[in-house]
Amino acid sequence: MHEQLFAQIHDIGLVPVVKIDDASKAVGLAGAMIKGGLPCAEVTFRTDAAEEAIRNITKAYPEMLVGAGTVTNLDYAKKAVAAGAKFIVSPGFNPTVVDWCLANSVPIVPGVCTPSDIEQGLARGLTTLKFFPAEASGGVDMLKNFAGPFPHLMFMPTGGISLANLSSYAKQSNVLAVGGSWMVKSDLIENEDWEAISKLCSDAVIALQGLEFAHMGLNNENAEEAEKSITGFAALGMPVKRGNSSTFMGPFIEVLPKLYLGKNGHIGFRCFDIERTLSYLAKRGFTVNEETIARDAKGTIKVCYLNEDLSGFAIHLKV
């Protein structure tokens, strides 16, 4: 029912959990988050300013994906939706709140931390649940265990997550997005330190991708030229591992017996989630070469190339 919204949340990958005491600062905060690459917020009903803050943000930045968090009763849910919240998040599984949201076509991500909680959500047709408090409830290991009996369920882990352990959650296949408050600290909001918040958001977005150098592929005009390179690299002490279509010299250099993408070859990068990283890169001028996309049995992209070269090298993404 709400596939498009959850697809947006997946592509953003991070849901900043915002506790704000002064609604007049909400617009400045939202602008700082957007500048840092995080056009999404879960404004929590932990303060009396939440309703007005949601209203102010949605009015100033209608393109921002604003939800309401800590929705522990029906009154909060109704106020949040009236203020413009596009989705509801709750710390636990409140059947009254969940059922009202479902009856009114309001996307909701209720909190769970046990299989019994999860089964309440499944019985209502929910496909995404909040795992809370994540670290205190078993963290990544618990998410891995959930993947067995609940293979099609996605989670938004929140609680105890920071830049230090973000990557361990982001790389899990059953994590839709990660929730956290470290990039929108209350003292920074109070002091209106928007530059600091933008920097924290930007750092989090980059860390979320898990981008790292994987290998460099070198083009050759033909197999004979490739063999000369292989012999030379071997003389330099590099181990030779021949494959069906190319030869690896150690873990980082791939010798191709043909002229493939890129004037000189390609540079491969690993990332946690190619779909999410493509969305991230699209905002920075990169586009995917559709003809190079390879998917697994579930339809998830496992390999692709970008259309843009860097210094004569094509860019190759893999997980």
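The values are calculated or read from the model by the stated rules, or taken from the named source; none is laboratory data. Just so it is clear, the model here is predicted, and its values are computed rather than measured. Using ideal geometry, Cβ is built from the backbone for each residue, glycine included, and neighbour counts are taken over all protein chains shown.
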Margin query: I'm trying to understand the selection: among the residues of the stretch 57-100, which are surrounded by fewer than 15 Cβ atoms within 10 Å (Cβ to Cβ) and outside any loop (DSSP other than H, G, I, E, B)?
Written below: Lys59, Ala60, Leu74, Asp75, Ala82, Pro95, Thr96, Asp99
Note to self: Take Ala314 and tell me if it is among the hydrophobic types (A, V, I, L, M, F, W, C) and either assigned to a loop (DSSP other than H, G, I, E, B) or closer than 23 Å to Ala7 by Cα (or both).
What the structure shows: no
Next item on the list: Give Asn165, Asn145, Asn191 a once-over and let me know the one that is closer than 20 Å to Lys298 by Cβ and either among the β-branched types (Val, Ile, Thr) or assigned by TED's automatic domain parsing to the domain that holds Val109 (or both).
Entry: Asn145
Next item on the list: Could you tell me which of the residues Glu221, Glu227, Glu275 is over 30 Å from Asn174 (Cα atoms) and either part of a helix (DSSP H, G or I) or aromatic (Phe, Trp, Tyr) (or both)?
Entry: Glu227
Next item on the list: Could you grab me the full set of residues in the stretch 101-144 that are within 25 Å of the chain's Cα centre (by Cα), assigned to a helix (DSSP H, G or I) and among the hydroxyl-bearing types (Ser, Thr, Tyr)?
Entry: Ser137
Check: Any idea which of (1) in the same structural domain as Leu102 (by TED's automatic domain parsing); (2) over 29 Å from Arg284 (Cβ atoms); (3) surrounded by fewer than 19 Cβ atoms within 10 Å (Cβ to Cβ); (4) touching a strand residue (DSSP E or B) at 6+ places or on another chain (Cβ under 7 Å) is the one Asn174 doesn't satisfy?
Finding: (2)
